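Only one structure is covered here, and it is reproduced in the block below.
The values are calculated or read from the model by the stated rules, or taken from the named source; none is laboratory data. Quick caveat, the model's predicted, so the values are computed rather than measured. Cβ placement follows ideal geometry from the backbone for every residue including glycine, while neighbour counts extend to all protein chains displayed.
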Amino acid sequence: MRLVLLGPPGAGKGTQAGWIAADYSIPQLSTGDMLRQAVANGTDIGKQAKAVMDAGQLVSDSIINAIVAARVQEADCARGFILDGFPRTVAQAEALDDMLAGLDKPLDAVLEFKVDAKALVERISGRYACAKCGAGYHDVFKQPKVLGICDVCGSTEFVRRKDDNAETVRARLDAYETQTAPLLPFYRSRGLVHSVDGMGAMADVRAKIAEILASLT
Ligand code: AP5
Ligand code: ZN
């Protein structure tokens, strides 16, 4: 199964992609995670991307397209994959079409996450992650079972994303509206879009997605 998760920052794409990946045994390809890794490793791409990400703007299509084109050809993508945060511009969507046509592996669905602007800001401002294993948490909606200790790896160190501050969040929401939302008509015209009400609790959103995915097979 080949899926695109589309939605504004904080809509829950990463959270749900993790569950879909586990349920269907296909990898989650998060361009945001790949870029953050490149920044942490100090690679050339990381150096170019850092300031752009810190400002909440989009990294250039050419950089992102090259990363994804290489990744979807890796062996673990043979059975499918979940694109989380890509494509984000019409140019990226067109490049994805070319990549998948070359592999003879078209998209099965685009899941559109619908969440109110107020909830997006609330979700982003409370988000944090384990510094060691990357498991995601939230100050209100998802605390570890024992506060201060990661459920997954037991680490007591946590981090917050540098771009999760009020000013950068505004820029990211704006980038979504102007550059990414136009992908909805692009994919709707092909009958690929399934809208997901992302306002419910995480488990309820997961159940709605499971229903949609079951209807595809
Ligand atoms: P990226 O990492 O993709 O960030 P984003 O799109 O802004 O999305 P987020 O990770 O903020 O949100 P999410 O929808 O995954 O929400 P989450 O599940 O974490 O991109 C970062 C930057 O990289 C971009 O700004 C850009 O610079 C660059 N970039 C990346 N891809 C690019 C591309 N293709 N082209 C160009 N540039 C690119 O949930 C948020 C919080 O809410 C969590 O704490 C979670 O626990 C909580 N939560 C989730 N679901 C619920 C729920 N149902 N109820 C309550 N809380 C919930
Ligand atoms: Zn951990």
(message) List the residue pairs whose Cβ atoms are under 8 Å apart, where the first residue sits in segment 140-153 and is more than 21 Å from ALA201 (Cα to Cα) and touching a residue at least 40 places away in the same chain (Cβ under 8 Å), the second is within 14 Å of ligand 1 (Cβ to nearest atom) and assigned to a loop (DSSP other than H, G, I, E, B), and the two are 6 or more positions apart or on different chains.
(response) none
(message) Just to be sure I understand, how many residues within segment 15-39 are touching an Asp or Glu at 6+ places or on another chain (Cβ under 6 Å) and either closer than 18 Å to ALA66 by Cβ or of a type outside the set (A, V, I, L, M, F, W, C) (or both)?
(response) 3
(message) Go through (1) modelled with pLDDT of 95 or more; (2) aliphatic (A, V, I, L, M); (3) surrounded by fewer than 17 Cβ atoms within 10 Å (Cβ to Cβ); (4) away from ligand 2 (no atom under 16 Å from the Cβ) for VAL152 and report which single condition fails.
(response) (4)
(request) For PHE141, state whether it is at pLDDT below 95, within 13 Å of ligand 1 (Cβ to nearest atom) and among the aromatic types (Phe, Trp, Tyr). (result) yes
(request) Could you name every one of the strands (runs of 3 or more DSSP E) located completely within segment 69-134 that has at least 1 residues being more than 15 Å from the chain's Cα centre (by Cα) and within 16 Å of ligand 2 (Cβ to nearest atom)? (result) 127-130
(request) Give me a count of the residues in segment 178-217 that are assigned to a helix (DSSP H, G or I), surrounded by fewer than 12 Cβ atoms within 10 Å (Cβ to Cβ) and touching a residue at least 40 places away in the same chain (Cβ under 8 Å). (result) 1
(request) Just give me the residues in segment 22-45 being among the small types (Gly, Ala, Ser) and surrounded by 17 or more Cβ atoms within 10 Å (Cβ to Cβ), in sequence order. (result) SER30, GLY32, ALA38
(request) Identify all residues within segment 78-114 that are acidic (Asp, Glu) and over 22 Å from GLY14 (Cα atoms); write none if there are none. (result) GLU94, ASP97, ASP98, ASP104
(request) Identify, by number, the condition in (1) closer than 25 Å to ALA40 by Cβ; (2) free of Cβ contacts under 8 Å to residues at least 12 places away in the same chain that ASP97 doesn't meet. (result) (1)
